[in-house]
1. Please list the non-local residues whose amide H lies under 5 Å from the amide H of A:LEU164, H modeled 1.01 Å from N, same-chain partners needing a gap of 5 or more.
2. Accessible area drop of at least 10 Å² (1.4 Å probe, protein heavy atoms): which residues of region A:400-443 qualify, relative to the chain alone?
3. For A:ARG123, place a label point 7 Å from Cα along the Cα-to-Cβ direction in every copy; what are the distances to the other copies, in nm, shortest first?
4. Tell me the relative contact order for region A:240-348 as a rounded percent, counting alpha carbon contacts under 8 Å between residues six or more apart.
5. How many square angstrom of accessible surface are buried between B and A, both sides summed, with a 1.4 Å probe and rounding to 100?
6. Starting from the Cα gyration tensor of region A:142-181, take the square roots of the eigenvalues, sort them a ≥ b ≥ c, and report rounded, prolate or oblate (rounded when a/c is under 1.5, otherwise prolate if a/b is larger than b/c, else oblate).
7. Give me the residues in region B:208-222 whose solvent-accessible area, probe 1.4 Å, is reduced by at least 40 Å² once all protein chains are included instead of the chain isolated.
8. Put B:CYS457, A:CYS257 in order of accessible area, largest first, 1.4 Å probe: what do you get?
2 protein chains.
Amino acid sequence: MASSATSPSLSFSIELSSTDPCRSRSETSDLFLRCQNRDVKSLKSSFISPASLRLNRIGSPLSRCDRIRSSKISANSAQVMEAQSPFKTNSRVPTIVDVDLGNRSYPIYIGSGLLEEPDLLQRHVHGKRVLVVTNTTVAPLYLDKVINALTHGNSSISVESVILPDGEKYKDMDTLMKVFDKAIESRFDRRSTFVALGGGVIGDMCGFAASAFLRGVNFIQIPTTVMAQVDSSVGGKTGINHPLGKNLIGAFYQPQCVLVDTDTLHTLPERELASGLAEVVKYGLIRDAEFFEWQEKNMHLLLARDPSALAYAIKRSCENKAEVVSLDEKEGGLRATLNLGHTFGHAIETGFGYGQWLHGEAVAAGTVMAVDMSYRLGWIDESIVKRVYHILQQAKLPIAPPEGVMTVEMFKSYMAVDKKVADGLLRLILLKGPLGNCVFTGDYDRNALDETLRAFCKS
Amino acid sequence: MASSATSPSLSFSIELSSTDPCRSRSETSDLFLRCQNRDVKSLKSSFISPASLRLNRIGSPLSRCDRIRSSKISANSAQVMEAQSPFKTNSRVPTIVDVDLGNRSYPIYIGSGLLEEPDLLQRHVHGKRVLVVTNTTVAPLYLDKVINALTHGNSSISVESVILPDGEKYKDMDTLMKVFDKAIESRFDRRSTFVALGGGVIGDMCGFAASAFLRGVNFIQIPTTVMAQVDSSVGGKTGINHPLGKNLIGAFYQPQCVLVDTDTLHTLPERELASGLAEVVKYGLIRDAEFFEWQEKNMHLLLARDPSALAYAIKRSCENKAEVVSLDEKEGGLRATLNLGHTFGHAIETGFGYGQWLHGEAVAAGTVMAVDMSYRLGWIDESIVKRVYHILQQAKLPIAPPEGVMTVEMFKSYMAVDKKVADGLLRLILLKGPLGNCVFTGDYDRNALDETLRAFCKS
């Protein structure tokens, strides 16, 4: 018989009005409030972005609902521009997405050729000394370029670098200490800047090192993978793994800026590209149905590395992430929804061994499991399940955990140390309602979780 | 020939008006501004503390200057009460000093028998699980008492503990990992509370662990040494040492409360007691001449562990620290003045080997060196130099670095990684003007530093 655990007060649901942002008060009032909250934020974000500023300048004063639509027009405008991308006409003018966190706000610059624009980086360097943290794969490709961008026309800046081994299995305390060793041996002081050049592992480690070195120095993110460009470089989550779990030691620490040079994706391996797309799919599922539909139509372009399609997917992902982070920096609740599929996925990464699967691969399998469980709970239609399977297969991502590796007990054990556990209760992000809606909750039938685990595990 | 380095814009001086807080505008206007800034803060602090609240309730509306005087009366009131201490009449009523940091504000409870007041601790416990971090010396003395205080009358709270080896030489990453291991193995989640039970090393390590575990859980400080009670437990500086320097890795992370049970000092070794007094002397020198004069008269009572004298010294030290931290949490400038003697002292600790000398012993020798240098610069009268030597000798503290250990080159090398170095310039806290005044500056004659180092080092 199904038993339902009681929910802690933190559980809530997120509504994204993909068809009509101005839903009426005749709907449940708390849903309305949530929708309203989101809309106010979109509005703010839309006024910051240059595209919508232009819209506002040429238009007449807008009503609230008009303004929300203008925000949507502004988002759509990039989509329309696919055939005539702004990156093609003027490759060095970045798109800017702002992360609004009061006095810790910062811009995300997105564009082609940005590493050839020294001013963009240099305006965010504090002090005269820079430590670039990168890895053995990325250093031969982009380190010289980044050093040049940091020092070009500015002889007062001196740059050191520390090159770490590449891979999730090195995201540990021993490797982190190498960053501190280098900074201390080189006598870096508080007026220094750390630069993370690489994927998610480098960004997380460099950010945590920056947060803890002398109790905090400034840092800049230069993500070079889709995964880092659409997700991990934005929002200030930094940290390292522990043998018993992913990202269990770290800090919330925001960068000075994020610089996404889409040209760095030219050298990205296929598997890494697909891995990043798992997070792109996530944004669509949890809060942006329209973006999900765009992905269904354009996944082939993303896999073919069409520059405009990639730039659009990165921009729209960053906008979604920036909005969530601005509303809930320290993951009081809303921000946890960005972890769709991650609780299952982290268990796979820990159980399978860090680095066996890429993060996005584990997240893809984890997303399928979360969607399966949502369906078993009766919270979503079968059509959504099918669409999720289809889009992940299109993206060449796994749709189940690695065969013959994970047991139900392993999942339960690794999921028990997840950061979303509260007073012993495991809270999950699950889909609920139409496409683009999710809940973060501990209030679900435990049998559904057990059934999902059994369905995806070896006996 | 003397050469003077140029000062960065961060250098400034601190004035404490020990004779007349309402100095007139006829004095230099920037001094006035600084004084004013401090006074406004004292005022705020005085309204928060119960003692001054009483004063305000019975008095008529006060002018600004009257109110500043009332703050001083409030401070003096504790002094007057020496013969009839509130701790004697009602031992379990704590004195409360508030650290005012907006939504991160917290109280410091000071008093005798506070560990026998479960409510005081339990009101600050978040979640149902507590990890007490302590060491092999303190655990046999107070761990059971603290566990009892945390759980008495509240069976829903479960407590785990991790007992670290005792001493500054264990304030490192390997020992810190033991805290993470314990928390993760015990499946602690974000709604947990870490409790630091011990001296400065335990407080710094537990605080840093709390800041980084799952990117931040709540923590409580229960300092059991004078050093921790008057200084290190207050203000949120946490961290560990690196082989090349003290406290180079850490975080600014504020506790939920600080609970100072003065009874824990009954078991404190003589040398530890004296070590803590070095920080008490510091407050007098940098900003509280009146307190320094009180110490000159009462040092024998502090050494004899007179409960009232100790409680007063702790309270007044915490008030000074709380005020500075409230004005400059992240050490933009003012807070650095709390490091008088520490740059020299940290070099001694690193050069001599962590744990050879207690922190306060190194700070005492470092204070003598900073005072010597201030005198060589012509910034203070010889009388202050003599009084510093005298009071530190009274407190049974060293007045020079360990004999035959430190060379000039060692000092320079270790001081170069100090957190107060900015763009290569070593900034120091030096006394300047009448007793109770200091500056934090990189604008000093380098020859004076060289002369001081030569005077205190082996050749």
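The values are calculated or read from the model by the stated rules, or taken from the named source; none is laboratory data. Because the structure is predicted, anything quoted here is derived from the model rather than measured. Reconstructed Cβ throughout: ideal geometry from the backbone, glycine too, with neighbour counts over all protein chains shown. For the accessible areas, the whole protein counts, side chains as well, though only heavy atoms, and no ligand, DNA or RNA atoms are used. Shrake-Rupley method; radii C 1.70, N 1.55, O 1.52, S 1.80 Å.
1. Amide H neighbours of A:LEU164, under 5 Å, 5+ apart: A:THR134, A:ASN135, A:THR136.
2. Hits at the 10 Å² cut-off: A:SER413, A:ALA416, A:VAL417, A:LYS419, A:VAL421, A:ALA422, A:ASP423.
3. 4.9
4. Values: 56 pairs, mean separation 26.0, N = 109.
Relative contact order, region A:240-348: 24 percent.
5. On the way: alone 18850 and 18940 Å², together 34120 Å².
In total, chains B and A hide about 3700 Å² from solvent.
6. On the way: a/c = 5.30, a/b = 2.20, b/c = 2.41.
The shape class here is oblate.
7. Buried by 40 Å² or more upon assembly, which counts only protein chains, are B:ALA212, B:LEU214, B:ARG215.
8. Numbers: B:CYS457 25, A:CYS257 0 Å².
Largest to smallest exposure gives the sequence B:CYS457, A:CYS257.
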